[in-house]
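Peer 1: Below is the structure I would like to discuss, written out as structure tokens.
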Amino acid sequence: MSLLGLSAASVSLTRNAKGADSTSAATALAQQKLEQLRSMPLGAAELQPGIYYDPANRLKADGTSGGTFDRSWTVSQKDIPRFGLKTVTVTVAWTDSRSHSTQVASYVRCSTIPCS
């Protein structure tokens, strides 16, 4: 009985560790894209209001193609949350035994005030 209990606990710990690794990788991918977007010129096409999908999707943890992660970002409409700012939210989603996602967000100044 105790061996069976230890075996189940070991499987659970392994699954939890793998899940933590995936969450960490997804958060790093989201942060990487957010920093890339924040460093772009204020009028860049990728910073116009809308929803964007990474062209390299199904990403590996290092950001190259051929993995399990899907990355997208949303740029808010003009002057949201406040005058002269837009919100950029990056989402990374993946599926193992179930679906997961993580998000990071930041404000970006508009190229003109008010945002055009």
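Peer 1: Of the residues Ser65, Ser10, only one is farther than 21 Å from Val104 by Cβ and modelled with pLDDT of 85 or more; which?
Peer 2: Unique residue meeting the criteria: Ser65.
Peer 1: Of the residues Thr89, Thr74, which is within 15 Å of Thr27 (Cα to Cα) and either touching a Pro at 6+ places or on another chain (Cβ under 9 Å) or at pLDDT 85 or above (or both)?
Peer 2: Details: Thr74 fails: within 15 Å of Thr27 (Cα to Cα).
Exactly one of Thr89, Thr74 is within 15 Å of Thr27 (Cα to Cα) and either touching a Pro at 6+ places or on another chain (Cβ under 9 Å) or at pLDDT 85 or above (or both), namely Thr89.
Peer 1: Still on this structure, please answer the following. For the range 104-116, what are the residues that are surrounded by 16 or more Cβ atoms within 10 Å (Cβ to Cβ) and farther than 15 Å from Ala44 by Cβ?
Peer 2: Result: Val104, single match.
Peer 1: Which of the residues spanning the range 50-66 are surrounded by 13 or more Cβ atoms within 10 Å (Cβ to Cβ) and not polar (S, T, N, Q)?
Peer 2: Matches in the range 50-66: Tyr52, Asp54, Ala56, Arg58, Leu59, Lys60, Ala61, Gly63.
Peer 1: Report, by residue number, each residue of the range 39-61 that is in contact (Cβ under 8 Å) with a residue 60 or more places away in the chain and in contact with a Ser or Thr (Cβ under 6 Å, 6 or more places away or on another chain).
Peer 2: Of everything in the range 39-61, those that are in contact (Cβ under 8 Å) with a residue 60 or more places away in the chain and in contact with a Ser or Thr (Cβ under 6 Å, 6 or more places away or on another chain) turn out to be Leu42, Gly43.
Peer 1: May I pose another question? Can you tell me which residue among Ala56, Ala93 is in a strand (DSSP E or B) and closer than 19 Å to Ser22 by Cβ?
Peer 2: Testing whether each residue is in a strand (DSSP E or B) and closer than 19 Å to Ser22 by Cβ leaves just Ala93.
Peer 1: Within the range 67-94, which residues are of a type in the set (S, T, N, Q) and surrounded by 15 or more Cβ atoms within 10 Å (Cβ to Cβ)?
Peer 2: Passing the criteria: Thr68, Ser72, Thr74, Ser76, Thr87, Thr89, Thr91.
The values are calculated or read from the model by the stated rules, or taken from the named source; none is laboratory data. From a predicted model like this one, the values you see are computed outputs, not experimental measurements. Counting neighbours? That spans all protein chains shown, and the Cβs are built from the backbone with ideal geometry, glycine included.
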